[in-house]
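Read through the structure below, which is laid out as structure tokens, and then see the notes.
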Amino acid sequence: MYTTIQLMGATDRTQWNDDELTGAAEQAAAALNGSSRFGDIFGDDSGFDDEYATMTEDEVVEHGGGDAPQHGVEAAPASTNEASDARYTVAASGARATVCMHVERTRSKDDDYEPPGVAGGPGTVTVPSYRFAVTSRPGDC
């Protein structure tokens, strides 16, 4: 009997359930909403889909809590995504539910970073800052 209970506990820690996923996704959206990140100094947004997907997956895993595993989350990008407006269908191994995460990115010039130049003089490079508005809802995007 004890071995069976131990195995059930081990299974619980290796698979997500629907409540764990939806709860973690809601908390991840709340944590990311209003956050900011620096962008590419050359204005190259070509890697935004992978960056946002990883950001979303990491936050969902972080907020899984309890018996939720620390892996097995995938954020699949929608085909119509743009750097300023993107959607990801979040799924997790073992869970039947999915969650749609909507990520909007807005330039925040007030938060840009301008590193000092040579010998402490004025810099010539501006690292752009972006703010995120993130929401979630049940289901695919």
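Coordinate-derived values only; no laboratory data. Source: prediction; values computed, not measured. Note: ideal-geometry Cβ built from the backbone for every residue, glycine included; neighbour counts use all protein chains shown.
Helix 2-14 and the long axis of the chain differ in direction by around 30°, with both axes built from C-alpha atoms. Computed from backbone phi with θ = phi - 60° and the Karplus coefficients 6.51, -1.76 and 1.60, the 3J(HN,Hα) list for the range 22-31 is 5, x, 5, 5, 4, 5, 5, 4, 5, 5 Hz; x is used for glycine and proline. Estimated from helical segments only, the mean residue ellipticity of the chain at 222 nm is -10000 deg cm²/dmol, where each DSSP H run of four or more residues counts as -39500 (n - 2.57).
Chymotrypsin sites (Phe, Trp or Tyr not before Pro) within the range 15-76: which are DSSP loop residues with at most 12 other Cβ atoms inside 10 Å? Those that pass, being in a loop and sparsely packed, are F42.
Between amide H atoms placed 1.01 Å from N, distances below 5 Å from C100 occur with V90, R137, G139, all of them 5 or more places distant or on a separate chain. Near the amide H of S35, within less than 5 Å, lie the amide hydrogens of F132, all on another chain or at least 5 residues away, with H placed in the peptide plane.
Remark: the range 112-120, residue by residue, has Karplus-estimated 3J(HN,Hα) of 4, 10, 10, x, x, x, 4, 6, x Hz, where x stands for each Gly or Pro and the curve is 6.51 cos²θ - 1.76 cosθ + 1.60 at θ = phi - 60°.
Here the spin labels are modelled as points 7 Å beyond Cα on the Cα-Cβ line, and at D111 and Q70 they lie 2.8 nm apart. For D85, neighbours were defined as the other residues whose beta-carbon sits under 15 Å from its Cβ, and their charges (Lys and Arg +1, Asp and Glu -1) total -1.
Modelled spin-label separation between V125 and D50, with each label point placed 7 Å from Cα along the Cα-to-Cβ direction: 2.1 nm. Backbone geometry of the range 127-134 corresponds, through the Karplus equation with coefficients 6.51, -1.76 and 1.60 at θ = phi - 60°, to 3J(HN,Hα) couplings of 9, x, 10, 10, 9, 10, 10, 10 Hz, x marking Gly and Pro.
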